Amino acid sequence: MEEKKTESTTTNAKKVNLLDHNAIKHLLDESVSDIVTSRGYKEDVRLSNVKLMLGAIIIVVALVAQFYNKKFPENRDFLICCIGLYVVLTAVMQLILYIKEKNAILFTYPLEGSFTSTGLVVSSKLPRFSDQYTLTIDSADPKSISAGKSVELTKSVTQWLTKDGVLVEGLFWKDVEALIKQYTEEAGEPKKKR
C-alpha cells in the first residue's frame, strides 16, 4: 500500500534534466506562470496575439511570393515588393521582441477588484553556465501612477531542484509568492476581499 503512495507522488513531480540549461529555465518559468495565475491574475495574451498575426502575415507574404502565377523575369517588381514587405514585417517583429517582450514570460491584467490599473510583467533570466535564476516582477505600464516598484529575486536553482532534477515545488512556490506579496505591498495594493 505504501509503495503505491510513493509511486503516485513521484509521478506527479516535475522532473528535469539538470544538464539541460533551457529545460531548467522552462520548468521554472512554467511554474512561475502557474503560481502567478493561481493568485488571481489573468494572463494578458494581446502581445502574443499581435505576434501571431504578424507571423501569419509574414508567412502569407512569403507564400504569395513563392507561388505567384508568373515566372521570374515577368514578376521581378512583384518579388521585390514581397521581399521588401517581408524584411519590414520581420524587423517589426524583432522590434516588438526587443522593446516590449525582452525576457518576459508572463503579462497579466490587473487583479479584479483592485484599485491599480496596471497588470504585471513577470520576467526571468538564467544565464548560460550559471545556476543563478533571477525572477523580476514589474508593472505592465511603468508610467502609470498606480505602477509599483520592480522587485527581484535571485537564487541558485540548486535551492529548488534535488540532485535527481525534481523540483521542490513547496519551496519554489513559497519564494515566488513572497516576491508577489513584496510587489503588492510596495505598490500599495489593498488586499483582495474574499
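The values are calculated or read from the model by the stated rules, or taken from the named source; none is laboratory data. Quick caveat, the model's predicted, so the values are computed rather than measured. Backbone-built Cβ (ideal geometry, glycine too); neighbour counts: all protein chains shown. Ligands, DNA and RNA are excluded from the accessible area calculation, which covers all protein heavy atoms including side chains. Shrake-Rupley method; radii C 1.70, N 1.55, O 1.52, S 1.80 Å.
Rounded to the nearest 10 degrees, what's the angle between the helix 21-38 long axis and the longest principal axis of the chain, both from Cα atoms, 0 to 90?
70 degrees
Pull up all non-local amide H partners of Ile105: gap of 5 or more, or a different chain, and H-to-H distance under 5 Å with H placed in the peptide plane.
Under 5 Å from the amide H of Ile105: Val122, Ser123, Ser124.
Measure off 7 Å from each Cα along the Cα-to-Cβ vector at Ser156 and Tyr109, then give the distance between these two points in nanometres to one decimal.
Result: 4.2 nm between the two label points.
Testing the spin-label approximation: label points 7 Å from Cα along Cα→Cβ at Val60 and Arg128. State their distance in nm.
Each label point is offset 7 Å from its Cα along the Cβ direction, giving 3.7 nm.
Over the chain, calculate the relative contact order: mean separation of alpha carbon pairs under 8 Å at least 6 apart, over the residue count, as a percent. Don't skip to the end; give the middle numbers.
On the way: 218 pairs, mean separation 39.8, N = 194.
Relative contact order here is 21 percent.
Please give the per residue accessible area of the stretch 38-149, computed with a probe of 1.4 Å over protein heavy atoms only, in Å².
Details: 7590 Å² over 112 residues.
That works out to 68 Å² for each residue.
Under the 0.36 nm per residue contour assumption, what length would be gained going from the current alpha-carbon distance of Arg76 and Val166 to full extension?
Details: separation 90, 0.36 × 90 = 32.40 nm, distance 5.69 nm.
Extending this stretch completely gives an extra 26.7 nm.
Tell me the accessible surface of Tyr86 in square angstrom (1.4 angstrom probe, heavy atoms of protein chains only), to the nearest ten.
Estimated to the nearest 10 Å², Tyr86 gives 100 Å².
Provide the solvent-accessible area of Glu186, counting protein heavy atoms only and rolling a 1.4 Å probe, rounded to the nearest 10 Å².
Probe radius 1.4 Å; accessible area of Glu186 about 90 Å².
Holding the Cα-Cα limit at 30 Å, pick out from Lys102/Lys155; Lys51/Lys174; Lys125/Lys163; Lys100/Lys163; Lys15/Lys149 the pairs that are longer than that. Write down the numbers at each step before the final one.
Numbers: Lys102/Lys155 21 Å; Lys51/Lys174 33 Å; Lys125/Lys163 21 Å; Lys100/Lys163 36 Å; Lys15/Lys149 33 Å.
Where the Cα-Cα span goes over 30 Å, the pairs concerned are Lys51/Lys174; Lys100/Lys163; Lys15/Lys149.
Does anyone have the angle between helix 169-187 and the longest principal axis of the chain? Alpha-carbon axes, 0 to 90°, nearest 10?
Long axis of 169-187 versus the principal axis of the chain: about 80 degrees.
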